[in-house]
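Report on the structure given below.
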Amino acid sequence: MLTDRQQNQINELIGKKVKIVISFKSHVKVLRQDENGLYIRFKNQRVPCKPDTNTLNILFFTALDPKYRKLI
């Protein structure tokens, strides 16, 4: 569950480059939003991502590599 402050941070980050963890690797990509939610462009595909927090309440984003999404 995200706080109001974290929701505001996410809204400010849309359209800017953020660090995203994709399959245990860190990448810097532009965060985008549409009617389906937050996403990034990775290998010319739309990849949904979700915000998450660690134990120190630091906001970060996670996504799953498209080739592994097909296996699930």
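Just so it is clear, none of the values below were taken in a lab; they were calculated from the coordinates. Please read all numbers here as calculations on a predicted model, not as lab measurements. Counting neighbours? That spans all protein chains shown, and the Cβs are built from the backbone with ideal geometry, glycine included.
Along the three principal axes, how long is the chain when you take its alpha carbons, biggest first, rounded to the nearest angstrom?
That works out to 34, 26, 20 Å along the principal axes.
Please identify every one of the trypsin sites (Lys or Arg not before Pro) in the chain that sits in a loop by DSSP and has no more than 14 other beta carbons within 10 Å of its own beta carbon.
Lys16, Lys43, Lys70
So what's the back-of-envelope 222 nm ellipticity for the chain, counting only DSSP H runs of four-plus at -39500 (n - 2.57) apiece and dividing by all residues, rounded to 500?
One gets -5000 deg cm²/dmol as the mean residue ellipticity at 222 nm.
Which of Leu13, Leu56, Leu38 ends up with the largest GNM mean-square fluctuation for the chain, with Cα atoms connected below 10 Å?
Leu56
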